[in-house]
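A short write-up of the structure that comes next.
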Amino acid sequence: MTEMTGGQAAVAALQNEKVSHVFGLIGSATMEMFDALYDAHDIQMIGVRDERTGTHMADGYARASGKPGIILAGQNGPGATNLVTGLAQAKAAYSPVISIAGAISSGHLYRDAFQEVDQQSLFTPITKKTWSVPSTNRVQEILREAFRVALSPRMGPVHINLPRDVLSGQATFDPQPTPVSYRVQTAPAAPVESIENAARLLANAKHPVIVTGGGIKYNGRYESVLKLAERLQCPVATSPGHGDAIPFGHPLNAGQMGPRGNPVASRLVKEADVILALGTRLGFNSTFYTYDNINRDAAIIHVEIEPTAIGRYFPIELGIWADAASVADQISTQLDANQCIAAAETWLTQFKEERADHLARRDASAVMSEPIQPSGVFKVLRDVLPKNAAVTMDAGTLCLQATDALNYWQSPSLFTPLDFGLVGFSFACGLGVKLANPDRPVVSLMGDGGFGMTLSELSTAVQHNIQTVVIVLNNGCWGAEKAYQRDFFSERYIGADIHSPPFDKVAELYGAAGFRVDRIDALGEAVQAALNCGKPAVIDVQVDPKALYSFRRDSFTHRAQKKF
């Protein structure tokens with residue numbers, strides 16, 4: 001046994017779990033822990049400029065690596081409250097972020113102490129679990145539990161409050177306790193009867209479709225889905241935000257479905273007689289919870305690792321609580337290939353023709369002239385981005401359009417805030433993704449408003465030489481909201497237009513590379529130069545301010561009939 005302070009014990013616990021990066025903002029409340037990190041040469045401390053964006057970095061790191069992303073808020077009170085938005089985003093994405101914050105000394109609780117806030121209550125609704133460590137000798141125990149909970153299916157963020165007296169106190173610890181976070185966790189096996197029923201439904205389907213989501217994307221086993229799709233000769237649609245669940249180039253890839261998807265994949269789900277949902281909730285972004293986006297008469301086979309998600313939003317024919325990729329393997333083994341190909345041959349032929357036509361029209365309709373249009377930007381990016389590129393997105397209609405307008409060749413390659421709709425996510429997330437995958441190009445798309453929220457992290461990128469490329473789609477406004485004001489509020493614009501500095505010049509002042517693009521024919525060259533410049537880079541693209549799109553038209557149907 002070894003005597004340590006609480007701060008030393010916490011860092012030793014991180015080392016024991018093979019943590020390589022900690023994102024954090026230094027503060028007096030956790031100084032004991034930061035001091036211990038000074039001696040932890042196997043952990044790289046990434047000092048951030050804001051706890052919120054630091055949480056997005058940890059989120060991106062977690063999603064890209066499959067390992068927990070660690071964020072350390074050095075200060076209790078305001079340092080802790082700044083974590084809230086990032087943790088709410090991580091919970092919506094089922095991302096295993098481990099958040100640690102200082103807390104006031106135990107003896108000062110409930111005395112209106114300096115920076116006191118009820119952190120236990122604050123974080124409980126936005127995490128899988130929140131702990132307030134009661135004593136120094138329990139620091140490592142609770143950190144081990146935090147790793148276990150964050151990584152257990154379904155994954156998600158957790159939070160730990162460490163009071164000052166707990167961090168500064170001393171106790172004896174096992175210097176090499178048994179790590180728990182990376183033990184193999186076996187998902188429940190699908191019953192044979194369920195596999196037989198699923199195979200029967202699929203084999204007899206005339207209009208089958210497979211819908212995949214994050215449950216396939218993040219376990220790295222898309223080959224199991226493709227093996228089943230090939231056996232069935234069945235198209236595969238993906239849920240919005242997970243267009244990278246299977247590689248773009250596969251001939252059975254239909255792209256993203258639903259109100260945020262493309263017309264080909266969306267039609268498949270609207271007309272399918274059997275839908276095999278693998279690792280997807282069929283939730284809001286996929287369906288808006290209506291039969292406008294999914295066939296009311298379809299027999300749904302719903303496979304999920306989270307039992308409460310099965311059949312939650314739509315009645316199902318068959319529910320299977322198991323790992324989605326494993327079920328795909330089981331069904332493949334059960335199927336007679338010759339039996340199912342003939343039944344859906346016409347359906348498959350029609351899909352392939354429509355998909356080829358959609359992709360051709362997508363390129364042909366891209367506007368390659370000035371003022372710069374989003375379709376032109378997306379066309380250039382499809383042409384110039386390397387196939388191993390990872391792309392992060394912000395919220396907002398330009399990025400929503402981009403999710404299915406780009407091509408994703410590896411999984412995972414697309415990182416979005418879609419379930420939480422968070423503006424200001426993309427750049428910071430991209431920094432975390434890059435640290436998890438230093439050999440992959442990382443490109444972050446966002447609007448001028450979102451980048452303006454987070455551009456201070458250019459300092460973090462430059463200081464730690466995190467070489468991502470930010471493409472700012474600069475239209476001088478909050479585009480989604482201005483579109484709604486135009487289309488539903490008689491052009492009564494208020495708060496929609498924004499002024500920003502030249503982001504390329506700001507990037508250069510920080511020590512990054514800056515590029516400005518005013519003509520669409522200059523964008524490709526700028527992207528190539530940014531990818532090859534050897535430093536963090538920002539490309540400020542001047543997009544047509546009139547290229548606005550009201551995405552959530554359903555939210556304003558009550559105004560569509562009004563006359564002003």
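Coordinate-derived values only; no laboratory data. Just so we're clear, the structure is a prediction, and the values are computed from it rather than from any experiment. Positions of Cβ are backbone-derived with ideal geometry, glycine not excepted, and every protein chain shown enters the neighbour counts.
Our summary gives segment 2-173 a relative contact order of 28 percent, counting only alpha carbon pairs under 8 angstrom and 6 or more residues apart. For G69, nonlocal amide neighbours, meaning residues 5 or more places apart or on other chains whose placed amide H falls under 5 Å from its own, are A62, V97, I98. Among 446-456, 233-243, 527-537, sorting by the average number of other beta carbon atoms lying within 10 angstrom of each residue, highest first, gives 233-243, 446-456, 527-537.
Amide H contacts under 5 Å for G447: L473, restricted to partners 5 or more places along the chain or on a different chain, H placed in the peptide plane at 1.01 Å from N. For segment 400-456, the ratio of Cα radius of gyration to the globular rule of thumb 2.2 N^0.38 Å stands at 1.13.
Length gained on full extension, R382 to E193, computed as 0.36 nm times the residue gap minus the Cα-Cα distance: 63.6 nm.
Each Cα pair under 8 Å and six or more residues apart adds its separation to the average, and for the chain the resulting relative contact order is 13 percent.
With the biggest extent put first, the Cα atoms of segment 192-353 measure 36, 36, 31 Å across the principal axes.
Rounded to the nearest 5, what % of DSSP beta bridges with both residues in segment 366-554 are antiparallel? Among the beta bridges of segment 366-554, antiparallel pairing accounts for roughly 5 percent.
Toward the positive end of the charge dipole of segment 192-353, with +1 on the Cβ of Lys and Arg and -1 on the Cβ of Asp and Glu, the farthest Cα among G261, N219, L318 is that of G261. Here segment 2-173 has an Rg and Dmax of 14.3, 42 Å, counting Cα atoms alone. Spacing of the modelled spin labels on E317 and K546, each 7 Å from Cα toward Cβ, amounts to 5.0 nm. Answer rounded, prolate or oblate for segment 101-182, using the Cα gyration tensor with square roots of eigenvalues a ≥ b ≥ c: rounded when a/c is under 1.5, else prolate when a/b is larger than b/c, else oblate. Because a/c hits 1.5 or more and a/b fails to exceed b/c, segment 101-182 counts as oblate.
Report the Stokes-Einstein translational diffusion coefficient (µm² s⁻¹, integer) for segment 366-554, Rh taken as the Kirkwood radius over Cα pairs, at 10 °C with viscosity 1.306 mPa s.
It diffuses with D of about 97 µm²/s by this estimate.
Across segment 206-221, computed HN-Hα scalar couplings (Karplus, 6.51 cos²θ - 1.76 cosθ + 1.60, θ = phi - 60°) run 9, 10, x, 8, 9, 10, 10, x, x, x, 8, 4, 8, 9, x, 10 Hz from first to last residue, x flagging Gly and Pro.
Of all aspartates and glutamates in the structure, those lying under 17 Å Cα to Cα from K535, and not within fewer than 8 positions of it along the same chain, are D439, E457, D504, E508, E525.
How large is the translational diffusion coefficient of segment 243-316 in µm² per second when you combine the Kirkwood radius over alpha carbon pairs with Stokes-Einstein at 20 °C and 1.002 mPa s?
Once the numbers are plugged in, D ends up at 169 µm²/s.
Once you've got the Cα coordinates, tell me which of K217/K379; K482/K505; K206/K352; K379/K546; K18/K434 are over 21 Å apart.
Checking Cα-Cα distances, K217/K379; K482/K505 exceed 21 Å.
Put in order of Cβ neighbour count within 10 Å, fewest first, the listed residues T346, T468 become T346, T468.
Is the C-alpha gyration tensor of the chain telling us rounded, prolate or oblate? Criteria: a/c under 1.5 is rounded; beyond that, a/b larger than b/c is prolate, otherwise oblate. Oblate.
Toward the positive end of the charge dipole of the chain, with +1 on the Cβ of Lys and Arg and -1 on the Cβ of Asp and Glu, the farthest Cα among V470, Q485, N285 is that of Q485.
Considering helices alone, the calculated mean residue ellipticity of the chain at 222 nm is -11000 deg cm²/dmol, with DSSP H runs of length four and up weighted by -39500 (n - 2.57) and normalised per residue.
What is the fewest-to-most order of F34, F23, F556 by other Cβ atoms lying within 10 Å of their Cβ? Before the final figure, lay out the partial values.
Details: F34 21, F23 32, F556 14.
Least crowded to most crowded, the residues run F556, F34, F23.
Spin-label pair A364-S105: with each label point 7 Å from Cα along the Cα-Cβ axis, the two points sit 7.5 nm from one another. Might you report the magnitude of the Cβ-based charge dipole of the chain about its Cα centre, with Lys and Arg at +1 and Asp and Glu at -1, to the nearest 20 debye? I would put it at about 800 debye. Using a/c under 1.5 as the rounded threshold, could you call segment 442-534 rounded, prolate or oblate? The axes a ≥ b ≥ c are square roots of the C-alpha gyration tensor eigenvalues, and prolate needs a/b larger than b/c, oblate otherwise. Because a/c hits 1.5 or more and a/b exceeds b/c, segment 442-534 counts as prolate. Using a Förster radius of 60 Å, what is the FRET efficiency between F288 and M1 based on their Cβ-Cβ separation? Nearest 0.05, please. Efficiency for this residue pair is about 0.60.
Under 5 Å from the amide H of A299 lie the amide H atoms of V274, I275, each residue being 5 or more positions distant or on a separate chain, with H modelled from the backbone and absent for Pro and chain starts. The antiparallel fraction among DSSP beta bridges confined to the chain stands at about 5%.
Using the Cβ-Cβ distance between D554 and Q170 with R0 = 56 Å, the FRET efficiency computed as 1/(1 + (r/R0)^6) comes to roughly 0.40. Partner aspartates and glutamates whose Cα lies under 13 Å from the Cα of K129, excluding those fewer than 8 positions away in the same chain, are identified as E145.
Fully extending the segment from R519 to E491 would add 7.3 nm, taking 0.36 nm per residue of separation and subtracting the current Cα-Cα distance.
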